[in-house]
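Below you will find the structure I want to go over with you.
The values are calculated or read from the model by the stated rules, or taken from the named source; none is laboratory data. The structure presented is a predicted model; accordingly, all values stated were derived computationally and were not measured. Glycine also receives a Cβ, built like all others from the backbone with ideal geometry; neighbour counts cover every protein chain displayed. Surface areas here come from the heavy atoms of the whole protein model, side chains and all, with no ligands, DNA or RNA. Shrake-Rupley method; radii C 1.70, N 1.55, O 1.52, S 1.80 Å.
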Amino acid sequence: MTLETKKSVFVELGYFLSQFSEKESVKKSGVLYNDIFFNDFQNLIQLSQSHNGWYTPEQVYFAIESWAKALTAENIDKWLSKYEAEFAQNEGKEKTVALILAGNIPLVGFHDFLSVLITGNKALIKTSSNDQHLLPFLAKYLIAVDENLKDKITFVEGKLENFDAVIATGSNNTSRYFEYYFKDKPSIIRKNRNSAAVLNGNESKEELEALGEDIFRYFGLGCRNVSKLFVPKGYVFDGFFEAMFKYQDVIHYEKYANNYDYNKAVFLMSNYKLLDNGFLTIKEDASYASPISSVFYEFYENIDDLKSRLEADSEQIQCIISNDLVENSIKFGQTQNPQLWDYADNVDTITFLLTTK
């Protein structure tokens, strides 16, 4: 398969995914194999919450729509254009790459899957027990579009064997196991990371409401979700809580509500000082990793000192959100809309796959 052929296959997948929306899913003319896959995928979306209680239709549709927007010819060309020399040098050098995927949010491992196949390698995939259905379904669609991919995609349930490199995503604890177990293989090992927002008190209500999207999308389970706020000393949270009111319906999801009740009780029994609005608690804490239904915060006095702190803590941070207060920060509301060229942990997966021997 040429690179252009591989690109076209994923563009076709993007076109297929573009039919599905929480508001209304509508069959489009000209989509390949719609008669075989459309209804089954629609049913799978509706069944996802029975497979994983966090995978509500709203969250699954959001993930699907995000990938539909990403998988266009324009985006894929822009993404891969800077690697022309590496692609030329790597032509015909196929590797088998083991993928150990997370399952915290729907299709969280799709970028690694896409990267392995678009670079001409084979994917040996071990899915998370929390997300065992969506990616295999999309793999079947890709194989239907181009049967040459059949020998490039393998899902395994047991031990991973006969691979040349590995990309593994897990917790800080599992990463130590991965680093030991795969010490003799080229690897990307991803650990826990969290995202933070830096506020200065001048944010508009609209910006703070958009920040709520960064906090509550996927119930806060993603590494790109904001779990930590840095606010200026003396910051008053009234405007923040007013903006968060837009997301109050999150408490109606049983798993989220259970976490809210439990974590709030733990905090209160420990005599921690909390601010609470009935569906979100915020607590002053130096950690970046807050539990579900809670956000930690810290006060800062000098923005330059804070920038130095964030730089020192970069290994713990996935992304930073601000109104241009911090270099390379993301706009409010955009954390869960990464581009193809926005790499997890800032590790360039394509370069790794094209240059690893």
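With a 1.4 Å probe and all protein chains kept in place, how do MET1, MET269 rank by accessible area, largest first? Intermediate values should be presented prior to the final figure.
Values: MET1 80, MET269 145 Å².
Listed by decreasing accessible area, they come as MET269, MET1.
A follow-up question, please. For the stretch 293-303, just list the computed ³J(HN,Hα) in residue order, Karplus coefficients 6.51, -1.76 and 1.60, θ = phi - 60°, integers in Hz, with x standing in for Gly and Pro.
These are the phi-based 3J(HN,Hα) values: 6, 9, 10, 8, 9, 9, 8, 10, 10, 10, 5 Hz.
In what sequence, largest accessible area first, do LYS185, LYS152, LYS7 appear using a 1.4 Å probe?
On the way: LYS185 80, LYS152 50, LYS7 25 Å².
Of LYS185, LYS152, LYS7, the descending order of accessible area is LYS185, LYS152, LYS7.
Taking a threshold of 28 Å on the Cα-Cα distance, which of the pairs LYS6/LYS82; LYS159/LYS191; LYS331/LYS357 fall above it?
In this structure, LYS331/LYS357 lie more than 28 Å apart at Cα.
So, one more: Express the carbon and sulfur contribution to the solvent-accessible surface of the chain as a percent, rounded to the nearest whole number, probe 1.4 angstrom. Provide the component values of the computation, followed by the final result.
On the way: 8110 of 17360 Å².
Its accessible area is 47 percent carbon and sulfur atoms.
Also, quick follow-up: Compute the relative contact order of the chain as a whole-number percentage, counting only Cα pairs closer than 8 Å that sit 6 or more residues apart in sequence. Mind showing how you got there, number by number?
Numbers: 555 pairs, mean separation 57.2, N = 357.
Taking the mean separation of contacting Cα pairs over the length of the chain, I get 16 percent.
What is the Rg over Rh value, at two decimals, for the stretch 22-71, using alpha-carbon atoms and the Kirkwood definition of Rh?
0.98
I want to verify the translational diffusion coefficient of the stretch 222-329 in µm²/s; compute it with Stokes-Einstein, Rh as the Kirkwood radius over Cα pairs, at 10 °C and 1.306 mPa s. Present the calculation step by step, with values, prior to reporting the outcome.
Working: Rh = 15.0 Å.
Value of D from the Cα-based Kirkwood radius: 106 µm²/s.
Leaving ligands, DNA and RNA out of it, work out the accessible area of ASP348 with a 1.4 Å probe and give it in Å² to the nearest 10.
Number for this one is 40 Å².
While we're on this one: Can you return the lysines within cross-link range of LYS23? Criterion is Cα-Cα under 22 Å, with same-chain partners fewer than 8 residues away left out.
Straight-line reach from LYS23, under 22 Å: LYS69, LYS246.
Let me ask something additional. Once each part is reduced to its C-alpha centroid, what is the distance from the stretch 13-52 to the stretch 189-264 in angstrom?
What the calculation gives is 30 Å, centre to centre.
Additional query: About the Cα centre of the chain, what is the dipole size in debye to 20, counting +1 per Lys and Arg Cβ and -1 per Asp and Glu Cβ, all else neutral? Write down the numbers at each step before the final one.
Numbers: 36 positive and 50 negative charges, 178 e Å.
Rounded to the nearest 20 debye, it is 860 debye.
Net charge near LEU71, counting Lys/Arg +1 and Asp/Glu -1 over other residues with Cβ under 13 Å of its Cβ? Walk me through the numbers before you get to the answer.
Working: positive: LYS6, LYS7, LYS69, LYS78; negative: GLU12, GLU65, GLU74, ASP77.
Net of charged neighbours comes to 0.
For ILE188, what residues show an amide H to amide H distance below 5 Å, using hydrogens built from the backbone and excluding near sequence neighbours?
The answer is VAL166, ILE167, ALA168.
Hey, what D do you get for the chain in µm²/s if you plug the Kirkwood alpha-carbon radius into Stokes-Einstein at 10 °C and 1.306 mPa s? Spell out each step's value before the answer.
Numbers: Rh = 21.7 Å.
Diffusion coefficient, whole number: 73 µm²/s.
To continue, here is another question. Leaving ligands, DNA and RNA out of it, work out the accessible area of TYR15 with a 1.4 Å probe and give it in Å² to the nearest 10.
Here the accessible area works out near 90 Å².
Can you give me the solvent accessible area of ASP214 with a 1.4 Å probe, rounded to the nearest 10 Å²?
0 Å²
I want the antiparallel fraction of DSSP beta bridges within the chain, as a percent rounded to 5.
Values: 3 of 37 bridges.
Antiparallel: roughly 10 percent of the beta bridges in the chain.
What range in the chain is the longest one free of GluC sites (Glu not before Pro) that are in a loop by DSSP and have at most 13 other Cβ atoms within 10 angstrom?
Details: sites that count: GLU24, GLU91, GLU94, GLU157, GLU161, GLU301, GLU327.
Within the chain, the longest run free of exposed GluC sites (Glu not before Pro) spans 162-300.
At 1.4 Å probe radius, can you tell me the per residue accessible area of the chain in Å²?
Numbers: 17360 Å² over 357 residues.
Ligands and nucleic acids excluded, the figure is 49 Å² per residue.
What size of dipole, in debye to the nearest 20, comes out for the stretch 1-152 about its Cα centre when the only charges are +1 on Lys and Arg C-beta atoms and -1 on Asp and Glu C-beta atoms?
Details: 15 positive and 19 negative charges, 42 e Å.
Once rounded to the nearest 20, the dipole reads 200 debye.
Quick check on the chain: helices-only [θ] at 222 nm, where DSSP H runs of length 4 and up contribute -39,500 (n - 2.57) each and the sum goes over total residues. Nearest 500, please. All intermediate terms of the calculation are to be shown ahead of the outcome.
Values: 13 runs with 145 residues, N = 357.
Computed mean residue ellipticity for the chain: -12500 deg cm²/dmol.
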